[in-house]
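Below is one structure, written out as structure tokens; comments come after it.
The values are calculated or read from the model by the stated rules, or taken from the named source; none is laboratory data. Keep in mind the model is a prediction, meaning the values are calculated, not measured. Every residue, glycine among them, receives a Cβ derived from its backbone with ideal geometry; neighbour counts consider all protein chains shown.
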């Protein structure tokens, strides 16, 4: 087990390098970031050249990447165009987004798995059809429509929530945005769990467990659920990174100043340093989450052994 | 569809117990190789495979029939939209902006005074093309790479999984904003290409996970012990068992790709005019949600029905493929 | 079913939490009795006066700085603020006397040196100030800010401090309306603290205006409080302003409706239809010095050959401005009939109807002119715009539909969205435009010169289409040298006539400033720059 973890940690290095290089190249494809800095007019050439030099944009791309990575390892993520160090942006953005992600993941786990179990146990019954239709609506309506609609109904019409999230972004304020963010994944989790449960419901060990007279809830939680969760855990694990980086739309609608907001601003302003910096951290989060998922496999399914 | 790849297996005499899924089936296959095998053992030994079994089941499943019909209908109007809609989807008159239902425009007009009915009908082609092509690309690429990684394990797994991680680590919407903002072409292919490029890791992980699970099964161990080749074990024993989660996720993904296209339009990097798609219309109508909800309702409704049809189809296919549910 | 019990418990917890947020967040705008909250956008550049070229940063600087001149919040006229007098014998040499008794909020006196140091800093190439070109008329600019290479001087030779309250400015050409440009924020004075500890100053700027910055969280919000010791006449009528950053103006508007925000100064086009119903008379819609046009790429031969002015005029006549401004913009835009803005007033150079029939909707004539001019290049035009902000997509689609209907061709015109503003600017600066593109102009100062010279003069900073016309350039030079204001204005109008005859850019509409506010506020107004006049707002 220990050796496996070490090996996986070593494997993270190439992924880290690959992903950061990929995003670095992608952001650079977008072109000259200086052009957007001067409003509705062209920057005067002298200032533009000076700015390029200052941000190291006059160097060849590979050199920019190496310099950047070199700095990252010393904890320097560069400076945004508004003169603020990227690490400072991260310090304000990540706590907010982590809270948002926790809310979203909780929704996925609690609601998604519960609905999945219920529908999996009652395939074809009205409750199954009802949930199927509900997940369908969730999937078919794009997040921005769901978000705008909830904001309008809950925030303006019924005054249940504030339509936007304050700077403090407490857990309470993040419930609705978290639900919106989780919505599509929630549908995935429900359906994955349902499929898994339905499949395993008829397996021998479940039949045995029922036959030896175990109470129903024990059969479900100990035997059925545990074996059915592998695909679900894979999905949720991979989703953590996606949720943190994918909150661009949700954070925009609810005016949350988290990672999605910074990334969106970074892209709009072609701020290489901000975008690459945030994605670098997201890549790390993603890698660690994946490692945890793989370790969880072994816990859920004793037949899987890591050496 | 994979039916073709299993063509040779039609000659195999199954035992009738759930196709080729368990140890008995493996035995039957080995038996089949001996001359004068079970070919003449009786009337019930008709040549059958997993896929032909599945097809037989599907033909009797009302869910499959209904969703199939919806999909056929979508394909038909995608090919010949003028069958049910007259006029051009690009013909808009601002004087009629946001007007409700009326003769000639059963769904009313949108914020630009375009006929919502005509646009919804014409939007099917683009949206279905994006959804289907992106899903096919993602499913093929993802399950191939994920399946190989899960099956071979070891160095292969490490290598492929790391590549998966690299692409998975890039948030999709972010990647779309970055990559598509530089695209100048106004065809659907850059959008589809982007979805495949950043979408395959999702399927890949699922496929890998279920292949790892399936690999542990007794019948796979048995087939291995009996000396079956890698490709035979993978395609014949593992794939049918591992394909269910892939189909489920892929059918849901199909819907999300169609709505992802809408999100990209919302962020200004999606399909460009004069394309007509549900995504373009949904994003254009969403700011008017308070004044002209009908312009949002109809394309969203069309999208929902399409997604429903594909999910039901996927569900039915999955059920038919799974002997344990018979 | 233990699982189900858990779920029920979780659902209950969620309901409680929802209720808690609903109750807890009620007083979103109640940071203090006399403090109002207002929507804001994250400034793109550090908040230095000569480095701020967009409205959002400008908003803050307008609250914390006062310059030599200030534009009247109603008429837009440049009036002396810190300047006691500005004298010139020849429209080229100016002697400026600063009023006595003005101080920065840190106690430093505002002197002639405060201005000269600030301007030198703004002009100097090494400081990367994006508004540096505003100092381009001052003698010595070429040395401190050469077009290429490194600077040979650190200070402008045209600026001299005479005594504590007096300094002289020498321009490199005659520019009669130079004093009227001095209300622009780039010309603000700077305290010595700015130069001594620059980093500290930028993180919490100190100025000489009626407000001072209380706290500033970059990218999220800024709290400004009333500066009680402000020596000027235009003291703040409220206790402070909290500026909250919004990514999306729709959210800001929604927050206003929910009572979470007091003032929104950019009402999204999609909500304009509801605004009367939602806000009643708490909605203002006043003219601002903003004009939207379609510019053309003159570096592309297809748009720069004989006859193409007919195509451009034809396109202009194919656009039903009245219908678009009424339907899409609900009258928050006015169909343009010249290339300036009504806020200039007739004396300032605005001339209603200068465009003539070329700006009237006339499909038959449009079709004829386009055919005469050789048809649309490539049979189709693409209107390029950035899709990340504003409601550009709505009006571009509407303009295209109008052109298509006029020409009887579904595909004559299509919109070509570009994902980001940065990329849009990129494509423009790299001359990649193949057809008309969105061009918006918000005046820096209310002078007809500012609507013409930066946009149409050969190689001017905002002449994105690279239009060039010797006659126009000559008339502008003449107008600038003219010391009689009325004559200068009429010469500028002649130059504008040249723009019209060539249809250098298609004028679309004049943009109004629109704002909505909560019941707590009164005396809310927008100035001609579409920025709220914060210091006059009263909070109850």
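Worth pointing out:
- Candidate set: the range A:5-16, residues that are more than 9 Å from chain B (Cβ to nearest Cβ) and in contact with a helix residue (DSSP H, G or I) (Cβ under 8 Å, 6 or more places away or on another chain); chosen: the one farthest from residue A:298 (Cα to Cα): A:9
- Count of the range C:442-491 residues, restricted to those that are outside any helix (DSSP H, G or I) and more than 11 Å from chain A (Cβ to nearest Cβ), is 13.
- Selection within the range C:398-413 - buried (at least 23 other Cβ atoms within 10 Å of the Cβ) and facing another protein chain (nearest Cβ under 8 Å): C:398, C:400, C:401, C:402
- Residues that are farther than 28 Å from residue C:534 by Cα, in contact with a strand residue (DSSP E or B) (Cβ under 8 Å, 6 or more places away or on another chain) and not assigned by TED's automatic domain parsing to the domain that holds residue C:480 number at least 1 in the following strands (runs of 3 or more DSSP E) confined to the range C:44-137: C:83-87, C:93-98.
- Within the range A:80-95, the set of residues being surrounded by fewer than 17 Cβ atoms within 10 Å (Cβ to Cβ) and either farther than 24 Å from residue C:45 by Cβ or more than 12 Å from chain C (Cβ to nearest Cβ) (or both) comprises A:87, A:95.
- Scanning the range C:485-510 for residues that are farther than 26 Å from residue C:311 by Cβ and in contact (Cβ under 8 Å) with a residue 40 or more places away in the chain yields C:485, C:486, C:488, C:489, C:492.
- Options C:122, C:107, C:140; residue that is within 21 Å of residue C:49 (Cβ to Cβ) and surrounded by fewer than 15 Cβ atoms within 10 Å (Cβ to Cβ): C:107
- Checking each residue in the range B:159-174 for being in a helix (DSSP H, G or I), within 7 Å of another protein chain (Cβ to nearest Cβ) and within 18 Å of residue B:260 (Cβ to Cβ) picks out B:168, B:172, B:173, B:174.
- Sole residue being assigned to a helix (DSSP H, G or I), within 17 Å of the chain's Cα centre (by Cα), outside the structural domain of residue A:39 (by TED's automatic domain parsing) and farther than 27 Å from residue C:261 by Cα, chosen from A:245, A:260: A:245
- From the list A:107, A:171, the lone residue that is within 26 Å of the chain's Cα centre (by Cα), more than 10 Å from chain B (Cβ to nearest Cβ) and surrounded by fewer than 19 Cβ atoms within 10 Å (Cβ to Cβ) is A:171.
- Within the range A:272-292, none of the residues are within 14 Å of chain C (Cβ to nearest Cβ) and not in a helix (DSSP H, G or I).
- Residue in the range C:411-421 that is modelled with pLDDT under 90 and part of a helix (DSSP H, G or I) present: yes
- Cβ-Cβ contacts under 6 Å between residues 6 or more apart (or on different chains), taken from a first residue in the range C:512-540 that is at positive phi and crowded, with 22+ Cβ neighbours inside 10 Å to a second residue that is part of a loop (DSSP other than H, G, I, E, B) and at pLDDT below 95, are absent.
- Looking at C:163, C:131, just one residue is touching a helix residue (DSSP H, G or I) at 6+ places or on another chain (Cβ under 6 Å) and in contact (Cβ under 8 Å) with a residue 40 or more places away in the chain, and that residue is C:131.
- All positions within the range C:214-228 that are at pLDDT 90 or above and more than 18 Å from residue C:61 (Cβ to Cβ): C:228
- When residue A:254 is tested against (1) within 11 Å of chain B (Cβ to nearest Cβ); (2) more than 15 Å from the chain's Cα centre (by Cα), just one condition goes unmet, and that condition is (1).
- Total residues in the range C:369-397, condition buried (at least 17 other Cβ atoms within 10 Å of the Cβ), in a loop (DSSP other than H, G, I, E, B) and more than 14 Å from every other protein chain (Cβ to nearest Cβ): 2
- With respect to the stated conditions, residue A:156 is within 14 Å of chain B (Cβ to nearest Cβ) and more than 30 Å from residue B:249 (Cα to Cα).
- Taking the range B:272-296 as the range and being under 26 Å from the mean Cα position of the chain (by Cα), more than 8 Å from chain C (Cβ to nearest Cβ) and in contact (Cβ under 8 Å) with a residue 60 or more places away in the chain as the test, the residues that pass are B:275, B:276, B:277, B:278, B:279, B:280, B:281.
- Residues of the range C:414-441 satisfying the condition of being surrounded by fewer than 21 Cβ atoms within 10 Å (Cβ to Cβ) and away from chain A (no Cβ under 14 Å): C:434
- Sole residue being in contact with a helix residue (DSSP H, G or I) (Cβ under 6 Å, 6 or more places away or on another chain) and away from chain B (no Cβ under 11 Å), chosen from A:142, A:215, A:163: A:163
- For the range B:131-143, the condition of being out of contact with any helix residue (DSSP H, G or I) (no Cβ under 6 Å at 6 or more places or on another chain), more than 11 Å from every other protein chain (Cβ to nearest Cβ) and buried (at least 17 other Cβ atoms within 10 Å of the Cβ) holds for at least one residue.
- If you go through the range C:126-170 and keep only what is more than 14 Å from chain A (Cβ to nearest Cβ) and at positive phi, you end up with just C:140.
- For the range C:276-291, the set of residues classified as surrounded by fewer than 22 Cβ atoms within 10 Å (Cβ to Cβ) and within 26 Å of residue C:386 (Cα to Cα) consists of C:285, C:286, C:287, C:290, listed by residue number.
- Residues in the range C:355-368 include at least one that is assigned to a loop (DSSP other than H, G, I, E, B) and within 14 Å of chain B (Cβ to nearest Cβ).
- Among the residues listed as A:198, A:183, the single one being in contact (Cβ under 8 Å) with a residue 24 or more places away in the chain and within 10 Å of another protein chain (Cβ to nearest Cβ): A:198
- Where residue A:77 falls short, out of the listed (1) within 11 Å of another protein chain (Cβ to nearest Cβ); (2) within 26 Å of residue C:216 (Cα to Cα); (3) not in a helix (DSSP H, G or I): (1)
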